[in-house]
Amino acid sequence: MAFLSKIATNNGHGENSSYFDGWKAYDSDPFHPTKNIHGVIQMGLAENQLCFGVIQEWVENNPKASICTPQGSNGFKDISNYQDYHGLPEFRNSVARFMEKVRGNKVKFNPDRIVMSGGATGAHETLAFCLADPGEAFLVPTPYYPGYDRDLRWRTGIQLLPVVCESSNEFMLTREALEDAYEEAQKANIKVKGLILNNPSNPLGTVMDRDTLRDAMSFITEKNIHLICDEIYSGTVFNEPGFISIAEIAEEGAVCKNRDLIHIVYSLSKDLGFPGFRVGIIYSYNDAVVNCARKMSSFGLVSTQTQHLIASMLSDDVFVEKFLDESAKRLAERHSLFFRGLAKVGIESLKGNAGLYCWIDLRRLLKEPTFEAEMELWHLIIGEVKLNVSPGASFHCSEPGWFRACFANMDDETLRIALRRIHKFVIQKTGSDQPTRREQYKRSKLEISLSFRRLDEFTMTPRTLASPHSMTSPLVRART
Amino acid sequence: MKLLSKKVKCNAHGQDSSYFLGWQEYEKNPYNEVRNPRGIIQMGLAENQLSFDLLESWLAQNPDAVGFKKNGESILKELALHQDYRGLPAFKNALAEFMEEIRGNKVRLKSENLVLTAGATSANETLMFCLADPGNAFLLPTPYYPGFDRDLRWRTEIQIVPIQCNSSNGFRITGSALEEAYKEAERRNLKVKGVLVTNPSNPLGITLSLHELNLLVNFIEAKGIHLISDEIYSGLVFNSPDFVSVMEVLMNKNYMNTQIWNQIHIVYSLSKDLGIPGFRVGAIYSNDKEVVSAATKMSSFGLVSSQTQYLLSAMLSDKKFTKTYVSENRKRLKHRQEMLIRGLRNAGIRCLESNAGLFCWVDMRHLLSSNTFEAEMEIWKKIIYEVGLNISPGSSCHCAEPGWFRVCFANMSEETLNCAMQRIKVFVNSECKTNVNGSNRNQFWNKNSRRKSLANWVFGQSFHDYKYER
């Protein structure tokens, strides 16, 4: 009997998680402004759809960038034939320059250290293959992007150990939490090879301050472990404080003693809104890692057709500046619309200044402070409010009641509809749209019994959601 | 504490192989008809550069396909956002139909059984991850494509055990070679999970015979293991016999919906047939739903750019174009292969009789000083540094017999190929002169004036411009 591998048959791909029930609900009943106005609105997908007009205009004005227009078809042969894993020089140069601009030109990137990968998904896996052996571990602050479980662990055999961050200090990373996590690993006899930071953070939508970054740097230096900084959202910072890249800290000699330990993951999927083009980047200060990752990039090179387009686009300084300004402006507006809309019904979110989502505090709507209650609330939100938001448990959050809701993957009107639905839901649940703190406490007891009754109705009504096995997997996007 | 993984430090990436070293030498001194006529001619790269004009003219007539437009309307946003690992449906449909066309429409392929990957490199690695655990083994007939050492083994930690094929029967796979390989794996305590063949073969340039295909199917059925057929060159069969895919054999034996139907998987890519390796378009085809499901999830690590999927879906859906392209491409390959064969024959060198691919499997055994791989390396170095041709030594393809070389013919202009043939002729003549004069080969190749004058005569410049043993 020809069996499949353990990897093929285990759950390491992460798609059997109940997290995907929301996706399934969306797939079976997707919102449409005219054809399905009562459908599920997708707020679980961190996509940046705000600036396509700007990009489309550029593409139409620059036909050569598409290589194969009548103006540019004689470039076709060289581009389509070029399979060198170093990548087109103009691609690497333009990506390095773009990364510098996103960081306010405060750091310099060497194009020779730019390595391609199949999206940030491929970048993470490749770095894991380069930096750790099966059974070894990376530390990762919670809450974190669910895809890391697959990207870093599935085929590599590496473990992820949480560094717990809490709402009491707005989920900021502390030295204490890092040391605790490291110590636990030691006790369990697990060798820690590195720390992964996601800055700006998904799902928090916040940036790390200089002290935290320096602390992290001194921690990894002391332990002699790697630091992987996923800066995929670096170009989505729309408010103060500004973004500080690990590249800046890497240039502080007093803090950064060994640049061989520093590696950055980047991608154009979020900043430019191009997840379909699969442009992932590893930038490492370590020559051996650059060398090895480059060889491994054979498994996920960027199509030269796309490299050529990106090279042309990103070397147009005027366009890049216009785009980054416009994108920040639109993200700020969208974020403000959503943030204020939620506050109107007393829903607080973490004060974020980056990313494509809000990290929302729905703890007061929980029946009780448990993850079961979070799941129940979530199913309610999907089933009745018809919004696919992402529960904190799927991000390994240590506290129940937090949810991530995306706001940049739809138009203004859809977002307003989503907000109206949220308002209605909260008012129904709490009996008011502006609860005070004290009232909140009382109401939460009342609301618990009310919501409990509602949930009973909800759970006792026969559901007609398709069984998970009849749906194609909702993790069809490479990255959520 | 060691800082990097074992994978960084081991050699399983395969890049220290002479196959790649030859490329590096080429890169240091690349031939150019005008700017560097004495440079090294690249004959170690299996690329199809013969039919770009056909692609370019199609593109010129179909600007929407590359301009992110559909019926004149921009679909940039839709494409840029499309990261669905199931791929663009229109592209998968077109690809499945293209693959059927190449197989003479003798098989039916379903697009839902296709998984898109970033090139065949990624497809092969992904299949290994799906079908085998670290430490398991796959059997491969030798000689085989050097890249398999990396693609199949490096990050997967799977082992390759060779199925030894030799020149006595034209390097065909035999039943006894299969059994012997299986026993060898057992002796090494390795669990065999499958057989991987390339059909048409790289580096041999031949299509597998019906007999070989039946042998393989029977073998994997008996052992309960998988068969991967890498059919990356399936569109480049330019002489009889016609290409027969393993899928066709199964259909003819009425094996649909049997267990073995699920044990056979095909790897494909557009890098060779269309000559677009830069676009990274690969695919796995499997009838096993579990394999398709697992491979699809894994394809997240190397998806095909949606920009490229869209372009190619338009191109491959143009049936008139694909028919013309495939047939014209084959004609040009055949012509080119004949040029190479003639040129080599002129120099007294024979090749394995081949009908496919972008290369010939060339017999230089008679030029070896001894029947050893060391002698093969000696000749190879001469050919690179003195003759100025990068060809691939058989040892880099794990050939069991020294003296065979893979020589590519489709990645250069006709003029360049002619130049290469002239150089070979001169080289062989000088080798013969050496033999006639009775000089010991080693003596000849010690730095002496005869060598200098050969170098001068062939390349017309100072001896010191050439470096040896870099």
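Can you tell me which residue within region A:243-257, out of those that are in contact with a Ser or Thr (Cβ under 9 Å, 6 or more places away or on another chain) and modelled with pLDDT of 95 or more, is nearest to A:LEU324 (Cα to Cα)?
A:PHE243
Among residues of region B:1-30 being closer than 30 Å to B:SER234 by Cα and among the hydroxyl-bearing types (Ser, Thr, Tyr), the one that is farthest from the other protein chains (Cβ to nearest Cβ) is B:SER18. With a requirement of 2 or more residues that are open to solvent by 10 Å² or more (accessible area, probe 1.4 Å), the helices (runs of 4 or more DSSP H) lying completely within region A:92-204 that satisfy it span A:147-153, A:175-187.
Of the candidates A:ALA120, A:ALA65, A:ALA137, A:ALA96, the single residue that is touching a strand residue (DSSP E or B) at 6+ places or on another chain (Cβ under 7 Å) and within 11 Å of chain B (Cβ to nearest Cβ) is A:ALA120. Are any of the residues in region B:294-313 away from chain A (no Cβ under 13 Å), open to solvent by less than 10 Å² (accessible area, probe 1.4 Å) and out of contact with any helix residue (DSSP H, G or I) (no Cβ under 7 Å at 6 or more places or on another chain)? Taking every residue of region B:294-313 in turn, none turns out to be away from chain A (no Cβ under 13 Å), open to solvent by less than 10 Å² (accessible area, probe 1.4 Å) and out of contact with any helix residue (DSSP H, G or I) (no Cβ under 7 Å at 6 or more places or on another chain). Scanning region B:150-169 for residues that are within 14 Å of chain A (Cβ to nearest Cβ), crowded, with 19+ Cβ neighbours inside 10 Å and not polar (S, T, N, Q), we see that the one that is nearest to B:PRO402 (Cα to Cα) is B:ARG150. Screening the candidates B:GLY72, B:GLY135 for the property of being modelled with pLDDT of 95 or more and at positive phi yields one hit, B:GLY135. Cβ separations smaller than 9 Å between residues 6+ apart or across chains give the following pairs from region A:277-289 residues that are of a type in the set (Val, Ile, Thr) and assigned to a helix (DSSP H, G or I) to residues that are at pLDDT 95 or above and open to solvent by 10 Å² or more (accessible area, probe 1.4 Å): A:VAL289/A:ASP260. Would a scan of region A:212-222 turn up a residue that is of a type in the set (A, V, I, L, M, F, W, C) and either open to solvent by 20 Å² or more (accessible area, probe 1.4 Å) or within 14 Å of another protein chain (Cβ to nearest Cβ) (or both)? Within region A:212-222, one or more residues are of a type in the set (A, V, I, L, M, F, W, C) and either open to solvent by 20 Å² or more (accessible area, probe 1.4 Å) or within 14 Å of another protein chain (Cβ to nearest Cβ) (or both).
Checked against (1) in contact with a helix residue (DSSP H, G or I) (Cβ under 6 Å, 6 or more places away or on another chain); (2) hydrophobic (A, V, I, L, M, F, W, C); (3) open to solvent by less than 10 Å² (accessible area, probe 1.4 Å); (4) outside any loop (DSSP other than H, G, I, E, B), A:LEU419 passes all but a single condition, namely (3). Whether a residue is over 30 Å from A:GLU57 (Cβ atoms), within 14 Å of chain A (Cβ to nearest Cβ), in contact (Cβ under 8 Å) with a residue 12 or more places away in the chain and crowded, with 20+ Cβ neighbours inside 10 Å was assessed, and B:LEU50 passes this test. Beta carbons closer than 6 Å, at least 6 apart along the sequence or on distinct chains, pair a first residue in region B:222-244 that is more than 16 Å from B:ALA96 (Cα to Cα) with a second that is modelled with pLDDT under 95 and open to solvent by 10 Å² or more (accessible area, probe 1.4 Å) for B:GLY224/A:MET1; B:GLY224/A:ALA2; B:ILE225/A:ALA2; B:HIS226/A:ALA2. Of the residues making up region B:66-99, those that are open to solvent by less than 30 Å² (accessible area, probe 1.4 Å) and facing chain A (nearest Cβ under 7 Å) are B:VAL66, B:GLY67, B:PHE68, B:LEU76, B:LEU79, B:ALA80, B:LEU81, B:GLN83, B:TYR85. For region B:108-127, which residues satisfy the criterion of being within 8 Å of another protein chain (Cβ to nearest Cβ) and not β-branched (Val, Ile, Thr)? Across region B:108-127, the qualifying residues are B:ALA118, B:GLY119, B:SER122, B:GLU125. Counting only residues that are in a loop (DSSP other than H, G, I, E, B), open to solvent by less than 10 Å² (accessible area, probe 1.4 Å) and farther than 22 Å from A:ALA132 by Cβ, region A:223-268 holds 3 of them. Residues that are assigned to a loop (DSSP other than H, G, I, E, B) and in contact with a strand residue (DSSP E or B) (Cβ under 7 Å, 6 or more places away or on another chain) were ranked within region A:397-409; the one that is most open to solvent (accessible area, probe 1.4 Å) is A:ASN409.
The values are calculated or read from the model by the stated rules, or taken from the named source; none is laboratory data. Keep in mind that this is a model prediction, so the values were computed, not measured. FYI the Cβ positions are ideal-geometry reconstructions off the backbone, even for glycines, and counts take in every protein chain you see. With ligands, DNA and RNA removed, areas are computed over all heavy atoms of the protein, side chains included. Shrake-Rupley method; radii C 1.70, N 1.55, O 1.52, S 1.80 Å.
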